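In what follows, a structure is listed as structure tokens, so that the remarks can point back to it.
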Amino acid sequence: MKVFTLQEANQLLTEVAPKLHEIREHYSSVAGFREAAHAAAVSAELGGGGMQGGSNYVQVLYELGKLTTELHELGVQLKDYTRGLIDFPAMRDGRVVLLCWQLGEGEEIEWWHEIEDGFAGRQPL
């Protein structure tokens, strides 16, 4: 697990934010395919299959996977696709905590929380 300083995490926001916007868009697209994908899966079990827009669906899933993998490789923890909510592991008072940020919150991280507390336990830095 990568551990970030506040400065390192803030510097990554300019790289990460556009990826979060793309992830949110792709996630919304996947939701639009959900019903057709389910119907295609049921048909496939009966020897049929296929769906209108299937290649687009696969492409969106691929892009979504690629972007989430890129975040993971940076050490960023994606918590909510639709809100663009992410955490950065960091040290605080000798223990690992999470620096917390989401799309729309500005250009710098202002919140942190204990690992167990999640978003509901956010506290100002």
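The values are calculated or read from the model by the stated rules, or taken from the named source; none is laboratory data. What you see is a predicted model, and the numbers here were worked out from it, not measured in a lab. Note that we place each Cβ from the backbone using ideal geometry, even for glycine, and neighbour counts take in every protein chain shown.
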Quiz item: touching a Phe, Trp or Tyr at 6+ places or on another chain (Cβ under 8 Å) and either loosely packed, with under 13 Cβ neighbours inside 10 Å or modelled with pLDDT under 85 (or both) - does that describe any residue in region 48-55?
Solution: yes
Quiz item: Between residues in region 1-24 that are at positive phi and residues that are in a helix (DSSP H, G or I) and surrounded by 16 or more Cβ atoms within 10 Å (Cβ to Cβ), which pairs lie under 6 Å by C-beta distance while being six or more apart or on different chains?
Solution: none
Quiz item: Tell me, which strands (runs of 3 or more DSSP E) lie completely within region 62-125 with 1 or more residues that are in contact (Cβ under 8 Å) with a residue 24 or more places away in the chain and under 21 Å from residue 28 (Cβ atoms)?
Solution: 77-80, 85-92, 95-102
